[in-house]
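Chemist: After the structure tokens below, expect a handful of questions from me.
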Amino acid sequence: MERSFVCPIQEKKMAYYEWRSTKQPAKEGSKPQVVVCVHGLSQNGHVFEFLAHGLVEDAEKRGTECHVYAVDLVGRGNSEWLDDRSLYNPGTYALHMIPFIEEIAKQHGLSSVNYVGTSLGGITGMLICFMNKGHLFEKLILNDIGGFVPSKSLQRIGEYVGLDPRFKTFEEAEQYMKTIYSQCRDIPQEQFAHFTKYATKQIHKGADVEWALIYDPKISSGFKGVPPDIELWPQYESINVPTLLIHGTDSDILLQSTVEEMKGRGPGAKGLLQVYDVVGTGHPPYLSVPAQIHEVVKFFTV
């Protein structure tokens, strides 16, 4: 179910999607499970569709109420584009997500929600904590992102994000997606068609049709040239809620050395951190296969 939220800052429409349990309402006196998901740099909310179905199916088996929300950050998917390209940055996204989360929590009579942040979405979550809004989170998942991001990996991302390629067929677009996400060896081949469907749009030129990526190319404004290393330790250390760190063991964004350091800092030093290694995949794990979905469900329900 697609809806939209108007961000108070810039007053731009942010699209979001909801999946919810239908068989069982929340038991009297119990709280519904509410999960908010935020995607990576060039993704959109549909990347969480498999995870959302898994969370809802588990809730229905347990007879509990569950709502999963996934947003299209501005400049992606069905959300509006920003006029000022310099505003495509994690600070803007955090300022958009805070009122959105507050509104969603209020709708369900809650003060906090569970949060899943993949890559950029995880940075956004850490920034929300750093802005003294960490109380909005009951539990937090950081998917393949941490306190340090090396310059070399940012250069790799800058090689393709922000380009505006066109494809003559859907199959060409799907092959392009397989190429740029070649690190994501956890994605079953049959799921690439699903991800490509929601990552592209059709453009009609007379009798001809071509496919284009469904994001504003200007989202890449911070990735040109040689970007510096990103230090996010103060943001990470501001987390004060149970946190699951999901780590693709072949990731060039979240290095093993960073994971080890995270275990001794922030939520790691407070006994609040769990680490789940996705062996043999790079950046980021897509959370679309049963084993990964199970780990997310377990973390939110135990």
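The values are calculated or read from the model by the stated rules, or taken from the named source; none is laboratory data. Quick caveat: nothing in here was measured; it's all calculated off a predicted structure. Cβ atoms come from the backbone with ideal geometry, glycine included; neighbour counts cover every protein chain shown. Protein only, heavy atoms only, side chains kept; ligands, DNA and RNA dropped before computing areas. Shrake-Rupley method; radii C 1.70, N 1.55, O 1.52, S 1.80 Å.
Chemist: If you take the residues in the stretch 134-172 that are open to solvent by less than 60 Å² (accessible area, probe 1.4 Å) and of a type in the set (Lys, Arg), which one is modelled with the highest pLDDT?
Modeler: Out of the qualifying residues, it is Lys139.
Chemist: Could I ask something else about it? Counting only residues that are assigned to a helix (DSSP H, G or I) and over 22 Å from Tyr88 (Cα atoms), how many does the stretch 135-181 have?
Modeler: 12
Chemist: Look through the stretch 4-62, keep the residues that are over 26 Å from Val302 (Cβ atoms) and open to solvent by 40 Å² or more (accessible area, probe 1.4 Å), and return whichever of them is modelled with the lowest pLDDT.
Modeler: Among those that are over 26 Å from Val302 (Cβ atoms) and open to solvent by 40 Å² or more (accessible area, probe 1.4 Å), it is Ile9.
Chemist: So how many residues does the stretch 27-64 have that are more than 18 Å from Ala291 (Cα to Cα) and either out of contact with any strand residue (DSSP E or B) (no Cβ under 7 Å at 6 or more places or on another chain) or touching a residue at least 60 places away in the same chain (Cβ under 8 Å) (or both)? So that I can check it myself, show each step before the final result.
Modeler: Of the stretch 27-64, the ones more than 18 Å from Ala291 (Cα to Cα) are 27-46, 60, 62-64.
Checking which are either out of contact with any strand residue (DSSP E or B) (no Cβ under 7 Å at 6 or more places or on another chain) or touching a residue at least 60 places away in the same chain (Cβ under 8 Å) (or both) leaves us with 27-44, 46, 60, 62-63.
Here the count works out to 22.
Chemist: Starting from the stretch 202-213, keep only residues that are under 20 Å from Leu163 (Cα atoms), then list their pairs with residues that are among the polar types (S, T, N, Q) whose Cβ atoms are within a distance under 7 Å, requiring at least 6 positions of separation or different chains.
Modeler: Val209/Gln202; Trp211/Thr200; Trp211/Gln202; Ala212/Thr200; Leu213/Thr200
Chemist: What are the residue pairs meeting all of these: first residue in the stretch 107-131, first residue closer than 12 Å to Gly40 by Cα and in contact (Cβ under 8 Å) with a residue 60 or more places away in the chain, second residue open to solvent by 10 Å² or more (accessible area, probe 1.4 Å) and among the aliphatic types (A, V, I, L, M), Cβ atoms under 7 Å, and 6 or more apart or on different chains?
Modeler: Close Cβ pairs (under 7 Å, with a partner that is open to solvent by 10 Å² or more (accessible area, probe 1.4 Å) and among the aliphatic types (A, V, I, L, M)) amount to Ser119/Leu41; Leu120/Leu41; Ile123/Leu232.
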